[in-house]
Structures are given as C-alpha cells and as structure tokens.
Amino acid sequence: MGSMEIPLCLNVGELISRPNRFIFEGIVDGQLQRWHCPVTGKIGKVDNFHGMPCLFTPAADTGRRKTQGTVEAISLNCGKDWIGINQNRINGWIESLLRQNALSAMINTEGCSICHEVRVGDSRIDIAVDNGETYTFLELKTPIHDLLLSYGDTFSRPSSESYFDRGLRHFKTLANLAQEGHRAIVALCFMYNAVPFDPPKRDKWNAKIVDTIGEATANGVETWQINLKISQHSLAVNLCMQTFPVQGV
C-alpha cells in the first residue's frame, strides 16, 4: 500500500447547532459563522452537535454565498480522530490516490490511463482504469458506518424499493463487465477508520438487494473496503482491504 497523501487545507472550528438540514452554526476564532452542511439527512445517530469540533473548508467568495464554508468532518473524541461527512469529495479523492498509485493493493495504476464518469449501457460508472489491454471499472459507495450509524438499519430497511435501484443497476452493469473479461469493483469508502464491513443478513426487507449483489459477486464483481484518514492538512489511506462479499440465498 502506498503512503502518499493528498494535501488539504482545512480550518478547525466548533459546532454550536444545526438549525436546519443545510446549515451548521459554529465558532472559529471567537466569531460566529454559518457553514454549509453537505449531509441533508440525519447524520448517523448524532442529535446534539453543540461543542463538537469540526473541520471546514472556507468559502472562496463569501460575498456570493449564504455560508462561510463547508463542514468536511466532525470529531466525536475532541479532535483526536476525524469522521468525514462530505460524500461529494470521495470521487475526486479516490481518483487522486489512483493517479499516485496509492491504492496499488487494490489496483496497480502504474502506466495506466484513468477516466471518470464513464457511461456503460444505462449506467455511469465512477472510474475506469485502462492498462492498455483491459479495463478495471470502479464504482464508489460512501456509507456512514459503525461510528455514526448502524449500517444495517439503513441497508435492510429502505424507505422505498426505488431508493436502491441505482446502486443495484451498477452491480448488474459491473457483473456484465466482469463476464466480458474486465475487472469490476465496488469500493466501500469510509472517511475514517471503520471496522471491517459486515454484510447484512438476507431477510424480507433486503432480499432483492442481497440477491442482486450475491449474483454479481458470483459473476466476478469484487467488493473492497477503503478507509481514509482525514486531518487538517492531509488525507491518506489508512487501510485498504478486500471484504467478504454479500451472498444471495
């Protein structure tokens, strides 16, 4: 595993409240600021943000924005460790790490070309790596897992079947690509040191999901876990490992 890092330039602040789903209020250098919240729903099981340390990206042009920055990470242990909450960052970060060959345990990208947002059939796959002979197609998923949320609660009890349709379409597309001789990978990306992912058991709530993923796995789709370590000044790979796939019944 490579030890390369992506430089970051984040500011440290302290959250006071979340008045609505789009806004955090917080303090930095004794001044009250309003920051964009990149998670529009509930953030795991956190109900009270008062006094919680955060890392945020200052807005480049506060004159054209209603907020003075975007919260990137929060800490549940007084700033010792950071948990990223801005899922919009993942694609760019992973692409940058691939270009440094910092994920060589998963994909060796030396001498390869890398493309993002590749259209395949009726799906759009996040990243394609071309080694000159075959492609490795990589779809990124960014669940919020053990430290913030019992992932099974969300995975096994979706609010509607259509909630997961896009993700299941990706698994079917990747299965077809694997059968054509390409590598096909789904990477679960956690923006903190998450425990190894524990796939949910099949029940009446998630039978379609588990069976679709199990069929894709049987056809050659790989599932990997990537843990990323965020600090005020850098982002690095903390752990990259292959996980046991979900098996349909």
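The values are calculated or read from the model by the stated rules, or taken from the named source; none is laboratory data. Not measured: the values here are computed from a predicted model. Neighbour counts are summed over all protein chains in view; Cβ atoms, including those assigned to glycine, are modelled from backbone coordinates with ideal geometry.
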Residues that are part of a strand (DSSP E or B) and not aromatic (Phe, Trp, Tyr), drawn from region 47-70: Pro53, Cys54, Leu55, Thr57, Pro58, Gly69, Thr70
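The rows are residues; the columns are (1) surrounded by fewer than 15 Cβ atoms within 10 Å (Cβ to Cβ); (2) at pLDDT 95 or above.
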| position | (1), (2) |
| --- | --- |
| Ile85 | no, no |
| Glu95 | no, yes |
| Ser113 | yes, yes |
| Gly121 | yes, no |
| Gly132 | yes, no |
| His145 | no, no |
| Leu148 | no, no |
Residue in region 65-83 that is more than 30 Å from Thr223 (Cβ to Cβ) and either among the basic types (Lys, Arg) or in the same structural domain as Ala184 (by TED's automatic domain parsing) (or both) present: yes
Residue match in region 29-36 (condition: surrounded by fewer than 17 Cβ atoms within 10 Å (Cβ to Cβ) and within 19 Å of the chain's Cα centre (by Cα)): no
Residues being touching a Ser or Thr at 6+ places or on another chain (Cβ under 7 Å), aromatic (Phe, Trp, Tyr) and under 30 Å from Asp130 (Cβ atoms) - total across region 179-210: 1
Residues located in region 208-228, provided they are surrounded by fewer than 19 Cβ atoms within 10 Å (Cβ to Cβ), touching a residue at least 40 places away in the same chain (Cβ under 8 Å) and outside any loop (DSSP other than H, G, I, E, B): Lys208, Glu215
Which numbered condition Thr136 misses (of (1) over 25 Å from Leu235 (Cα atoms); (2) at pLDDT 95 or above): (1)
Subset of region 47-83 (residues that are farther than 15 Å from Arg18 by Cβ, at pLDDT below 95 and among the β-branched types (Val, Ile, Thr)): Thr62, Ile83
